[in-house]
1. Quick one: PRO163 ticks every box in (1) at pLDDT 95 or above; (2) open to solvent by 10 Å² or more (accessible area, probe 1.4 Å) bar one, so which box is it?
2. Just for strands (runs of 3 or more DSSP E) wholly inside the range 46-150: which have at least 1 residues that are modelled with pLDDT of 95 or more and under 26 Å from LEU329 (Cβ atoms)?
3. List pairs: first in the range 190-214 and within 19 Å of LYS70 (Cβ to Cβ) and open to solvent by 20 Å² or more (accessible area, probe 1.4 Å), second of a type in the set (Asp, Glu) and part of a loop (DSSP other than H, G, I, E, B), Cβ under 8 Å, 6+ apart or cross-chain?
4. Looking at (1) out of contact with any Ser or Thr (no Cβ under 8 Å at 6 or more places or on another chain); (2) assigned to a strand (DSSP E or B); (3) of a type in the set (Ser, Thr, Tyr), which is the one condition that is false for SER296?
5. Among PRO210, PRO260, which is of a type outside the set (Gly, Ala, Ser) and farther than 21 Å from ALA153 by Cα?
6. Filter the range 297-329 down to the residues that are touching a helix residue (DSSP H, G or I) at 6+ places or on another chain (Cβ under 7 Å) and hydrophobic (A, V, I, L, M, F, W, C) and list them by number.
7. Surrounded by fewer than 20 Cβ atoms within 10 Å (Cβ to Cβ) and over 23 Å from LEU72 (Cα atoms), is that true of SER170?
8. Out of the residues in the range 304-337 meeting the condition of being open to solvent by 40 Å² or more (accessible area, probe 1.4 Å) and among the acidic types (Asp, Glu), tell me which one is modelled with the highest pLDDT.
Amino acid sequence: MDGSRAASRLRIMLGHLGRPSVGAVVAHPTSGALPLTSFHPQQFQYTLDNNVLSLEQRKFYEENGFLVIKNLVSDADIERFRNEFERICKQEVKPLGLNIMKDVTIAKSEYALSEKVVTKVQDFQEDEELFRYCTLPEILKYVECFTGPNIVAMHTMLINKPPDSGKKTSRHPLHQDLHYFPFRPINSIVCAWTAMEHIDRNNGCLVVLPGTHKGTLKPHDYPQWEGGVNIMFHGVQDYDKNNARVHLVMERGDTVFFHPLLIHGSGRNKTQGFRKAISCHFASGDSHYIDVKGTSQENIEKEIVALAKKWYGIEDASLQDVWRLRARLVKGERTNL
């Protein structure tokens, strides 16, 4: 990555600126495999009324904090994203600001960069081919149900979960995405996460704790795992171990939308293949930044700011500065972010 170009861009921008489980749930258009509680429309606080979501879908998201839409992204688009990922791994393209991640067990290896080494490409907002995912009408149709008409892509990832090395480092600890985000309001943020192939418990599907989006942001830190933990894979330090877990079995093109407070993670990949998914966190363009100093998010701020200095060569950057660099308008107006 060209750090000087990224640093220059940032300077310009700143100038303007437990273990019970209910088993595996197969993805259905309304995620209706879980029970719905009764409540009245005026009680809706996590979804907007724009005639896209059915009443059943709104109720489900309100109660559980996630919603799976089956077969949302086409095979053709997914194949294009796969091809671009391969080009990045071969270094045929080097998008500005892109971060290429490796598993902790191979991070210092001498292996040549390839699809078998890269576990994640993060911050692909400057790669026009991958960024197409964030602009797909079928994705934005649902995103607008949570953010409203002004939509900003905040955090982009293509995840290539590798076969586990035997040290269980391919798993992702249970966490809340809001831990990483210095912007609010909370309910105007949503993640779209699309399976790029069949995903189940064997290759490390998402596991969610339904209803945890109704709680608060909990303290996070690195879990004390013997095999090691990948960089910035913080986990929730205190949560109800009796909260039933749901494993999301998804097919290629299925997409789950979920709230930033929903506790979720993923298991290790016990197969010999790579489990791919593409995702974006969206926020309302009317959102605002907050100062996380003195809060439970201060530990991740220090880590991200240190990495920003390493990656971009920027001195004295704040967490808000880093997210301004990542953010890209998708639709409508960007008034604050």
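1. Failed condition: (1).
2. Values: elements: 66-69, 99-102, 118-122.
Of the strands (runs of 3 or more DSSP E) lying wholly inside the range 46-150, those with at least 1 residues that are modelled with pLDDT of 95 or more and under 26 Å from LEU329 (Cβ atoms) span 66-69.
3. HIS198/GLU251
4. Condition (2) is where SER296 drops out.
5. Values: PRO260 fails: farther than 21 Å from ALA153 by Cα.
Of the residues listed, the single one that is of a type outside the set (Gly, Ala, Ser) and farther than 21 Å from ALA153 by Cα is PRO210.
6. The answer is ILE300, ILE304, VAL305, ALA308, TRP311, ILE314, ALA317, LEU319, VAL322, LEU325.
7. On the way: surrounded by fewer than 20 Cβ atoms within 10 Å (Cβ to Cβ): no; over 23 Å from LEU72 (Cα atoms): yes.
No, not satisfied.
8. To start, the set of residues in the range 304-337 that are open to solvent by 40 Å² or more (accessible area, probe 1.4 Å) comprises 306, 309-311, 313, 315-316, 324, 328-329, 331-336.
If we keep only those that are among the acidic types (Asp, Glu) as well, we get 315-316, 333.
On the way: GLU315: 75, ASP316: 79, GLU333: 95.
Here the answer is GLU333.
The values are calculated or read from the model by the stated rules, or taken from the named source; none is laboratory data. Worth saying up front: this structure is predicted, and the values here are computed from it rather than measured. All Cβ positions, glycine included, derive from the backbone under ideal geometry; neighbour counts span all protein chains shown. Ligands, DNA and RNA are excluded from the accessible area calculation, which covers all protein heavy atoms including side chains. Shrake-Rupley method; radii C 1.70, N 1.55, O 1.52, S 1.80 Å.
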